[in-house]
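Data block below; observations after.
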Amino acid sequence: QVQLVESGGGLAQAGGSLRLSCAASGSIFNVMGWYRQAPGKQRELVATITSGGSTNYADSVKGRVTISRDNGKNTMYLQMNSLKPEDTAVYYCNAVRTTGWGIDYEYWGQGTQVTVSS
C-alpha cells in the first residue's frame, strides 16, 4: 500500500524558514516532488527530485528552497528559506513510480498548509 505523509507546515514570518517532510511507504519512487496551490490558483510545481538526486526548481523559488531525499528512510524534504507572503499555499507531496514495462503510477499526499505573514 502506497502512502505519503506530510509534515512541517505552519505559520512563518516573511524572511523566515520552514522545512517540509514527506514520508513515503510502499515503494522507492523514481521521481518525487513538491507542488503548491494558493487559494483561487492552479496547482503549480515547486521542485522535483529523482531517485538519483537530480533536481528541478520553479523560477519563483530557485535560490530560496532546497529539495532533498533520503532513500534509506524513503523521505523527501523541502527546506524553504527567505519566505515571502506569495509562498502561502497548500503544499502537496507527489511521487511517481515506473514499472519495468515503463508504465507510470502517480500518488499525492494530503497537503500541508504554509502561511507566510508580511
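The values are calculated or read from the model by the stated rules, or taken from the named source; none is laboratory data. This one's a predicted model, so the numbers in the text were calculated from it and none came from an experiment. No Cβ is skipped: glycine too gets one built from the backbone with ideal geometry, and neighbour counts run over all protein chains shown. Note: areas computed on protein heavy atoms with side chains; ligands, DNA, RNA excluded. Shrake-Rupley method; radii C 1.70, N 1.55, O 1.52, S 1.80 Å.
Please compute the contact order of the chain in relative form: average sequence separation of alpha-carbon pairs under 8 Å and at least six residues apart, divided by the residue count, as a percent.
35 percent
Less than 14 Å from a label point 7 Å out along the Cα-to-Cβ axis of ASN71: which backbone N atoms in segment 82-103 qualify, by residue?
Counting only backbone N, you get 98.
With a probe of 1.4 Å, find how much accessible area segment 8-118 has per residue, and write the answer as a whole number in Å².
Roughly 52 Å² per residue, with all protein chains present.
Could you check how many percent of all C-alpha pairs in the chain are farther apart than 21 Å?
Of all Cα-Cα distances in the chain, 33 percent exceed 21 Å.
For TYR91, TYR35, TYR105, give the ranking by accessible area with the largest first, probe 1.4 Å.
Reading off the accessible areas and sorting them downward yields TYR105, TYR35, TYR91.
With the dipole of the chain worked out from charges on the C-beta (+1 for Lys and Arg, -1 for Asp and Glu) around the Cα centre, which of THR75, PHE29, GLN3 lies farthest toward the positive end?
THR75
Between segment 1-18 and segment 56-84, what is the C-alpha centre distance in whole Å?
11 Å
About its Cα centre, how strong a charge dipole does the chain have in debye, to the nearest 20, once Lys and Arg get +1 and Asp and Glu get -1 at the Cβ?
160 debye
Please report the antiparallel percentage of the DSSP beta bridges confined to segment 1-108, to the nearest 5.
95 percent
Using the Karplus curve 6.51 cos²θ - 1.76 cosθ + 1.60 with θ = phi - 60°, work out ³J(HN,Hα) for each residue of segment 5-15 in order, rounded to whole Hz, and write x for Gly and Pro.
Result, rounded to whole Hz: 10, 9, 7, x, x, x, 9, 9, 8, 3, x.
Taking θ as phi - 60°, what are the ³J(HN,Hα) couplings along segment 23-37 by the Karplus curve (6.51, -1.76, 1.60), each to the nearest whole Hz, with x for Gly and Pro?
8, 9, 9, x, 5, 8, 8, 4, 9, 10, x, 10, 10, 9, 9
For the chain, which whole percent of the accessible surface, found with a 1.4 angstrom probe, sits on carbon and sulfur atoms?
Looking at the chain in its full context, I get 46 percent from C and S.
At a Cα cut-off below 21 Å, give the lysines reachable from LYS62, other chains included and same-chain residues fewer than 8 away excluded.
Qualifying lysines at Cα under 21 Å: LYS41, LYS84.
Once you have a ≥ b ≥ c as the square roots of the Cα gyration tensor eigenvalues for segment 1-66, tell me rounded if a/c is under 1.5, and otherwise prolate or oblate according to whether a/b is larger than b/c.
prolate
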